[in-house]
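The values are calculated or read from the model by the stated rules, or taken from the named source; none is laboratory data. Just so you know, these numbers come straight off a predicted model, no measurement behind them. Here Cβ is always computed from backbone atoms with ideal geometry, including for glycine, and neighbour counts include all displayed protein chains. Each accessible area value is taken on the protein alone, full model and side chains, heavy atoms only, with ligands, DNA and RNA left out. Shrake-Rupley method; radii C 1.70, N 1.55, O 1.52, S 1.80 Å.
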Amino acid sequence: AAGVIQSPRHLIKEKRETATLKCYPIPRHDTVYWYQQGPGQDPQFLISFYEKMQSDKGSIPDRFSAQQFSDYHSELNMSSLELGDSALYFCASSSPYLGTSETYEQYFGPGTRLTVT
Amino acid sequence: AQRVTQPEKLLSVFKGAPVELKCNYSYSGSPELFWYVQYSRQRLQLLLRHISRESIKGFTADLNKGETSFHLKKPFAQEEDSAMYYCALRGEYNAGNMLTFGGGTRLMVKP
């Protein structure tokens, strides 16, 4: 079965540069979540989108922005990168309409490892 | 505010030994609790959700509202169980369905 796709898988940027991370949800999933996992830390929720609208916001810095497009893929834009932004960025997707125990279950992508030097 | 605590960063057991990964939570309402597993170099995968009360790969977890715990248990650990385990909570009032994760416990099963 198709899974959540994230690109790129690895990204190296310098301080003050910008980065764009992409997430392609599972087909027919309309909700996308972004999480940040720093080295040795647990995943922290950043932001989520439902039907192309922001639905919840976590600890996302003002330097970051995100959006969900008409095909439900999402992009996380990160500007003025700092060393502390080095982390694994996970995207997850879900759907509220499956009518089964899997409704709302979040399926995670493989993550994008961002290294800021 | 919701919070998930996994007190053990690392748990090391021998193959065939029982395993218990602890998870405690803080939430004022009725949360949904999950266990996610992350094998080496792989994505996070859902292992268990408390509402389904199922047993996956021999693992079980019972939600204890009195103790606000959702410990993960397995009677006989296998080497392939070695992985990172995260306990996660979803609050009933979350319009966005976000998950709050605990700090994770690395389980190492030695031969």
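Could you check how much of the accessible area of chain A is carbon and sulfur, as a whole percent, using a 1.4 Å probe?
Working: 2820 of 5690 Å².
Result for chain A: 50 percent of the exposed heavy-atom area is carbon or sulfur.
Could you compute the net charge surrounding residue A:21? Neighbours are other residues with a C-beta less than 12 Å from the C-beta of residue A:21; K and R count +1, D and E count -1.
Values: positive: A:9, A:13, A:22, A:113; negative: A:75, A:85.
Every neighbour counted, the sum reads +2.
Counting only protein heavy atoms and rolling a 1.4 Å probe, how much accessible area do A and B lose on contact, total for both sides, in Å² to 100? Intermediate values should be presented prior to the final figure.
On the way: alone 6470 and 6440 Å², together 11290 Å².
Roughly 1600 Å².
What does the accessible area per residue of chain A come to in Å², with a 1.4 Å probe and no ligands, DNA or RNA counted?
Working: 5690 Å² over 117 residues.
Each residue of chain A exposes 49 Å² on average to a 1.4 Å probe.
Residue B:15: which lysines have alpha carbons under 24 Å from its alpha carbon, excluding same-chain residues fewer than 8 sequence positions away?
Once the sequence-local lysines are set aside, what remains near residue B:15 is B:57, B:73, B:74, B:110.
In a shell of Cβ-Cβ distance under 13 Å around residue B:41, excluding residue B:41 itself, what net charge do Lys and Arg (+1) and Asp and Glu (-1) give?
Values: positive: A:9, A:113, B:43; negative: none.
Neighbourhood net charge equals +3.
How compact is the protein assembly as shown by the rule of thumb for globular proteins, expressed as Cα Rg over 2.2 N^0.38 Å? Mind showing how you got there, number by number?
Details: Rg = 17.6 Å, N = 228, 2.2 N^0.38 = 17.3 Å.
Cα Rg divided by the expected 2.2 N^0.38 Å: 1.02.
First obtain the Kirkwood hydrodynamic radius of the range B:13-95 from its Cα pairs, then insert it into the Stokes-Einstein equation at 25 °C and 0.890 mPa s, and state the resulting D in µm² per second as a whole number. Write down the numbers at each step before the final one.
Numbers: Rh = 13.4 Å.
Stokes-Einstein gives a translational diffusion coefficient of 183 µm²/s.
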